[in-house]
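The values are calculated or read from the model by the stated rules, or taken from the named source; none is laboratory data. Every value quoted in this text rests on a predicted model; they were computed, and no experiment measured them. Note that each Cβ is placed from the backbone with ideal geometry, even for glycine, and that neighbours are counted across all protein chains shown. Accessible surface areas use protein heavy atoms only, side chains included; no ligands, DNA or RNA. Shrake-Rupley method; radii C 1.70, N 1.55, O 1.52, S 1.80 Å.
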Amino acid sequence: MSDDQTALKRLLDLVPPPADPLFALGSWEEVFTDLGTGLPSDYVALIDAYGSSDFSDWLGVGDPRRDGHGSSKDAEAREMGDQYRFFRSRWPEDNPFAAWPEPGGFLSWGNTNDGDHLGWLTVGEPDRWPVALWPRHHGHRVVELTVTEFLVGWFTGELVGEELPDLTPLTCAPWGCGCGGDCMRQGGR
């Protein structure tokens, strides 16, 4: 894995953050307490730069801090884990990952318009978690990159795969829950 700041700078150069980013109301400490673990530092820096973002009307990456509706990252992660366990129980050959909060479980950080989920396999220290893809169809994949490195690779075409469509022209817009921003605050800290 490369220097997180270099990857973030490359991403910022490729696709600038929204002019009016949406940031959730809660703190990182609340997220870490809810989950019982930290999250990768490159991801925290990504969210601090972009907020909840929609890349090219395709990939949504949400700010996991509390959104004002009382939801927590842990509640969302457990719900996603339950959903994944259901699929794994029905089609184990197509769903090979452990599910959050199982050891090494899949923890989501984004999703696509097609219903694909992107996350980490939570093995070891958070800054070492690999990116994992849980596609709507077959083809789970683990990529030994940070989130920011993964996005740079995807957006530049350096990282290829049928589950990674070309997103040019690259754009980034605020991505929220549809409440008109009542649950988020705009702008910087």
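Listed values, structure above:
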read-out: Restricting segment 126-137 to residues that are open to solvent by 20 Å² or more (accessible area, probe 1.4 Å) and farther than 17 Å from E149 by Cα, the residue that is modelled with the lowest pLDDT; value: H137
read-out: Test: residue in segment 63-73 that is in contact with a helix residue (DSSP H, G or I) (Cβ under 6 Å, 6 or more places away or on another chain) and among the polar types (S, T, N, Q); value: yes
read-out: Qualifying residue in segment 87-94 (condition: touching a residue at least 40 places away in the same chain (Cβ under 8 Å) and hydrophobic (A, V, I, L, M, F, W, C)); value: no
read-out: Residue match in segment 57-75 (condition: open to solvent by less than 30 Å² (accessible area, probe 1.4 Å), modelled with pLDDT of 90 or more and in a helix (DSSP H, G or I)); value: no
read-out: Among the candidates W109, W154, residue that is on the phi < 0 side of the Ramachandran plot and in contact with a helix residue (DSSP H, G or I) (Cβ under 9 Å, 6 or more places away or on another chain); value: W109
read-out: The lone exception for M184 - which of (1) surrounded by 20 or more Cβ atoms within 10 Å (Cβ to Cβ); (2) at pLDDT 85 or above it fails; value: (2)
read-out: Residues being more than 17 Å from the chain's Cα centre (by Cα) and closer than 25 Å to E102 by Cα - total across segment 126-164; value: 3
read-out: Matching entry among T112, T168 (being modelled with pLDDT of 85 or more and within 17 Å of L12 (Cα to Cα)); value: T168
read-out: Tally of residues being more than 15 Å from the chain's Cα centre (by Cα) and in a loop (DSSP other than H, G, I, E, B) across segment 10-55; value: 12
read-out: Identity of the residue in segment 16-50, of a type in the set (G, A, S) and modelled with pLDDT under 95, that ends up least open to solvent (accessible area, probe 1.4 Å); value: A24
read-out: Residue under evaluation L118, criteria (1) within 17 Å of the chain's Cα centre (by Cα); (2) surrounded by fewer than 21 Cβ atoms within 10 Å (Cβ to Cβ); (3) not in a helix (DSSP H, G or I), criterion not met; value: (2)
read-out: Members of segment 93-115 that are hydrophobic (A, V, I, L, M, F, W, C) and within 10 Å of the chain's Cα centre (by Cα); value: L107, W109
